[in-house]
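Since the structure comes first, as structure tokens, the remarks are kept for the end.
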Amino acid sequence: MNAPVRRRRRRLPLNVLLGLGLATIVVAVAVLAPVIAPFDPMRMAAGPRLAAPSLAHLFGTDEFGRDLFSRVVRGAHLSLGIGLAAVVAGLAVGGLIGLVAAFAGRLVEAVLLRVIDLLYSFPDTLIALALVAFLGPGLVNATIAIAVSLVPFYARVAYSLAVAERAKPYVEAARLAGIGSGRLVRVHVMPNIGQSLIVMATLGFSSAILSAAGLSFLGLGVQPPSPEWGAILASGRNYITKAPWILIFPGLAICMTVLAFNLLGDSLRDLADPRRTAPQRAGA
Amino acid sequence: MREKVAAQPPDEGGGTRGLPLTRPSGTLSRKGRGGPPSRPRRQTDVETWVAGMITLIARRIATAFMTILAVVVLSGLLVHVVPGDPVTAMMAQSVTASPEVMAEMRSQLGLDLPVWQQVARYAGGVLTGDLGTTIRGNEPVARLLLERLPNTFILAASGLGVALVLGVPLGFIAAINRGRLADTAVMIIAVLGVSIPGFWLGLAMIQIFSLKLGWFPVAGTNARNLVLPALTLGLIYCALVARMTRSALIEILAEDYIRTARARGLREREVLLVHALKPALISIVTVVGLVFAYLMGGQVIIENVFSWNGIGRLAIQAMLQRDYPMIQGFIVVFATSVVVVSMSLDILYGILDPRMRQR
């Protein structure tokens, strides 16, 4: 009698738990990176060159004898930092555009929607690449480019959430009470869509981390010798047979981080929107 | 890496990696897909359908043209987001950069004109097939890009083929076994697919199949070299296809006519193959354009991993050298390819969907 009940209760949060657990580990590693890393990630000859993983160097060493474990751990710091900055900036700008489009009148709505839709029809990788090509490589420029590449997505999300709110009685009541659009959005609409926006932000986060790694891998993002995961992979390419660990561990780090936030975002979205969950996820 | 918000299908996929699930109205929307309003004259169904199709095609071509024009203007404007002077940035690595050379380059690129004139000049050039000349080598950008474009299309089409061949059956299996082990397994593959960086998978492929086993060459651009990059792209994007197929089929299996078919006592296999397959394939056509756009985006990186001589590789080289005319040209050519492909698929969908013919 007990079994089915217990199983049902455990099923839904399993995704959440896995995502949350992995994400917690990644965030903890990123925050505690300076404490966890046994070596300075930039210190050359911390060990022999291209040494295989051992107790002294958990992930082995790279072509300059730098400790790969310390570099990957510090890379978490960098990647999550870039991801967070890009998501916050992209969400702020995109969210604002979406809300303005929904509440600033028909003409503004039509123009903004056209622009958002235009940008939205291109892959975000391409938008980030195009921007970074003109801004020039580097940590800050890559972050800006990734933030901008997320703007159409967030604008679209904010717009559709806001349009759904626009039709609700409380908005009409507020309007009839003489409240202006600006105050209406700030005081009444924002608290109602804030939660959903934050859930969608989680999904942009994993995409931002992948873009950052991709840009750095191509040499257009964070530059070596910074221990960014994509940058480590790019330099490790030349040692693919001699020292495959230089490629394995940073790659696994990217996968684990992106997977964590994908799982988290997916499951949060399902939780936030039970309508979409109920018919589909039964037992999945 | 994002999912589309407008007209969202009941799908939990796509969100990861930010892939939109539906397209903005410019590219794949269903807006304006209906035939013309009924006229007082009597018309046969066929005539109505043909008239509807012509309207649809004309509208799609007009939207596509406007989109491409907007991209041309945007990429013309991009040079002006460069902090400082673009010529200084471009010549940073050059030893021969005297003030005279730089002034000459500035006027050659039209950078001494007002911004709107520059953009108009660029747009005018693009419309006549002139994308300018490269800074390094002084070669026509349009020719270099067009030479490489077939390579890019071959790889993109092969990658898309692999993604569809793997993804559609996986999505079917998941939808049919919804909630069971097979479904969970497919969904795990799907979430892994959107979490693995394509370039890392590509490096793993090179390590295993080229270096260890020696089955394929490491780099280059011919038929044997096509296998690994196409497989890499296909494996990454089959996750997206599987998710979309799964949710499309789940939606279809909930339709009344499926229940009717089952109630009539048809075997499950018949229900699936006769009644569910065709509408499912039709809705897959609508997302193929989307998958293609994202695949092209990912391909820019994959071409560089495998040294595949497509426009993506050319573009990254230009980006590293800050060869702005080439980068602008790449953006225009890439965007045009994406727009033309989604426009064609949109029209194809209009032809395939029987609901079109009834209007």
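Values in this text are rule-based calculations from the coordinates and carry no lab data. Just so we're clear, the structure is a prediction, and the values are computed from it rather than from any experiment. Cβ sites come from the backbone with ideal geometry, for glycine too, and all protein chains shown count toward neighbours.
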* Can you tell me which of A:22-29, A:91-98 comes out highest on packing, and rank the rest after it, using the mean Cβ neighbours within 10 Å? => A:91-98, A:22-29
* Asked: Can you list the equivalent-ellipsoid semi-axes of segment B:202-315, largest first and in whole Å, using the square root of 5 times each Cα gyration tensor eigenvalue?
  -> 40, 16, 10
* To do: For peptide A:213-220, compute the average count of partner chain beta-carbon atoms within 10 Å of each residue's beta-carbon.
  => 5
* Structure fact -> log10 I(q)/I(0) for segment B:158-229, Debye formula on C-alpha points only (no solvent), q = 0.14, 0.17, 0.28 Å⁻¹, two decimals, reads -0.58, -0.77, -1.18
* What nm distance separates the two modelled labels at A:L96 and A:S235, each placed 7 Å from Cα along Cα→Cβ? -> 3.8
* Kindly provide log₁₀ I(q)/I(0) values, in the same order as q = 0.24 Å⁻¹, from the Debye equation applied to equal alpha-carbon scatterers of segment B:270-359. => -1.14
* **Where the Cα pairs of segment B:251-314 fall when distances are cut into 10 Å bins, in %** => 19, 28, 17, 16, 15, 4
* Along each principal axis, Cα extent of segment A:55-152, largest first, Å -> 65, 23, 19
* Asked: For segment B:88-228, with only Lys/Arg (+1) and Asp/Glu (-1) charged at the beta-carbon, what is the dipole magnitude about the Cα centre, in debye rounded to 20?
  -> 580
* What dipole magnitude, in Debye to the nearest 20, does the protein assembly as shown give about its Cα centre under +1 on Lys/Arg Cβ and -1 on Asp/Glu Cβ? -> 2260
* **Principal semi-axes in Å for segment A:130-284 [√(5λ), Cα gyration tensor, largest first]** => 40, 21, 9
* List the chymotrypsin sites (Phe, Trp or Tyr not before Pro) in segment B:228-312 that DSSP assigns to loop (not H, G, I, E or B) and whose Cβ has at most 16 other Cβ atoms within 10 Å. Which are they? -> none
* Asked: Which three extents, in whole angstrom, do the alpha-carbon atoms of the protein assembly as shown cover along their principal axes, largest first?
  -> 76, 72, 63
* Using alpha carbons only, how many degrees (0 to 90, rounded to 10) separate the axis of helix A:139-166 from the longest principal axis of chain A? -> 30
* On a 0 to 90 degree scale, rounded to 10, what angle separates helix A:190-217 from the longest Cα axis of chain A? -> 30
* Structure fact -> Rounded to a whole number, the mean other protein chain Cβ count within 10 angstrom for residues of B:197-207 is 6
* **Between helix A:68-103 and chain A: long-axis angle, C-alpha atoms, 0 to 90°, nearest 10** => 20
* Structure fact -> Ordered by fewest other Cβ atoms within 10 Å, a rough proxy for footprinting exposure, B:E100, B:E270, B:E303, A:E165 read B:E100, B:E270, A:E165, B:E303
* To do: Would you kindly derive the ³J(HN,Hα) couplings of segment B:316-331 from the backbone phi angles with the Karplus curve 6.51 cos²θ - 1.76 cosθ + 1.60 (θ = phi - 60°), listing them in order in whole Hz, with x for Gly and Pro?
  => 5, 4, 5, 5, 5, 8, 6, 8, 4, x, 5, 5, 4, x, 4, 4
* To do: Starting at the first residue of segment B:158-170, write each ³J(HN,Hα) from the Karplus equation 6.51 cos²θ - 1.76 cosθ + 1.60 with θ = phi - 60°, in whole Hz, x for Gly and Pro.
  => 5, x, 4, x, 4, 4, 6, 4, 7, x, 5, x, 4
* Asked: For B:F153 and A:M42, FRET efficiency with R0 = 35 Å and r from the beta-carbon atoms, rounded to 0.05?
  -> 0.20
* Asked: Taking N as the number of residues in segment A:155-221, what is its alpha-carbon radius of gyration divided by 2.2 N^0.38 Å?
  -> 1.60
* To do: Please average, across the residues of A:223-231, the number of beta carbons from any other chain that are within 10 Å of each residue's own beta carbon, and give a whole number.
  => 1
* Structure fact -> What helix-only [θ] at 222 nm does the protein assembly as shown give? Using -39500 (n - 2.57) per DSSP H run of at least 4, over all residues, to the nearest 500, the answer is -23000 deg cm²/dmol
* Give a residue-ordered list of calculated ³J(HN,Hα) values for segment B:110-115 (Karplus: 6.51 cos²θ - 1.76 cosθ + 1.60, θ = phi - 60°; whole Hz; x for Gly, Pro). => x, 6, 8, 8, x, 4
* Which whole-number value in Å³ per residue fits the convex hull of the alpha carbons of segment B:99-183? -> 197
* Of the residues A:V171, A:V100, A:V16, which exhibits the maximal mean-square fluctuation in a Gaussian network model of chain A defined by a 10 Å Cα contact cut-off? -> A:V171
* Structure fact -> Inverse of <1/r> over all distinct C-alpha pairs of chain A, i.e. the Kirkwood Rh in Å, gives 20.9
* Using the 2.2 N^0.38 Å rule of thumb for compact globular proteins, work out how segment A:214-270 stacks up: its C-alpha Rg over that value, please. => 1.33
* Which residue fluctuates the most in chain A, going by a Gaussian network model with Cα springs under 10 Å, if the choices are A:I193, A:I116, A:I232? -> A:I193
* **Size of electric dipole in chain A: Cβ of Lys, Arg +1 and of Asp, Glu -1, about Cα centre, debye, nearest 20** => 960
* Asked: Do any chymotrypsin sites (Phe, Trp or Tyr not before Pro) in segment A:64-131 lie in a loop, going by DSSP, with at most 15 other beta-carbon atoms within 10 Å of their beta carbon, and if so which?
  -> A:F64
